[in-house]
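The values are calculated or read from the model by the stated rules, or taken from the named source; none is laboratory data. This one's a predicted model, so the numbers in the text were calculated from it and none came from an experiment. Because the Cβ atoms are built from the backbone with ideal geometry, glycine has one as well, and the counts that use them run over all protein chains shown.
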Amino acid sequence: MKTASTSLLDASAISLSGLCMAHCLVLPLVAAFSPLLAAWAEAEWVHVLVIVMAAPLSALALWRRGQAPAVILLALSGLTLMGLGLWPLHAWETPLTVGGSLLLAGAHIVNWKRQHAH
């Protein structure tokens with residue numbers, strides 16, 4: 001059964017993934033024109049904050065009886081990649097974080113579609 005709160009949680013999680021990708025991909029380009037944005041683009045606390053918000057939001061949206069194991073695996077894979085992006089491997093930070101965000105958003109999109117089908 002689809003509830004408004006589940007839809008809102010999925011939509012919020014997808015939006016958060018989009019913000020994460022914008023931070024990783026667009027903000028560095030914009031930061032080239034502003035020293036203030038450059039400092040914010042490199043701030044490690046932003047990555048921690050996004051993961052701290054993404055994990056419980058995803059758990060609330062996806063954790064329920066009868067959930068498809070593939071959706072859970074997709075979400076856990078995405079959160080894992082996002083977490084690995086925090087490690088001091090700067091060359092891999094963006095690909096890991098963006099890949100994780102895409103997987104997590106994909107899990108929420110699949111969840112959303114499954115809910116609409118019922």
Could you check region 1-114 for helices (runs of 4 or more DSSP H) lying wholly inside it with 3 or more residues that are at pLDDT 80 or above and of a type in the set (Val, Ile, Thr)? 44-62, 69-84
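Being in contact with a Gly (Cβ under 6 Å, 6 or more places away or on another chain) and closer than 26 Å to Ser5 by Cα narrows it down to one residue among Met53, Met21, Met82; which is it? Spell out the reasoning first.
Working: Met53 fails: in contact with a Gly (Cβ under 6 Å, 6 or more places away or on another chain); Met21 fails: in contact with a Gly (Cβ under 6 Å, 6 or more places away or on another chain).
Every option except Met82 fails the conditions.
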Please go through region 63-77 and give me each residue that is among the polar types (S, T, N, Q) and in contact with a Leu (Cβ under 9 Å, 6 or more places away or on another chain), ordered by number. Ser77
Out of the residues in region 73-92 that are small (Gly, Ala, Ser) and in contact (Cβ under 8 Å) with a residue 24 or more places away in the chain, state the one that is nearest to Leu60 (Cα to Cα). Ala75
Looking only at region 65-101, which residues are touching a helix residue (DSSP H, G or I) at 6+ places or on another chain (Cβ under 8 Å) and more than 22 Å from His23 (Cβ to Cβ)? Gln67, Ala68, Ala70, Val71, Ile72
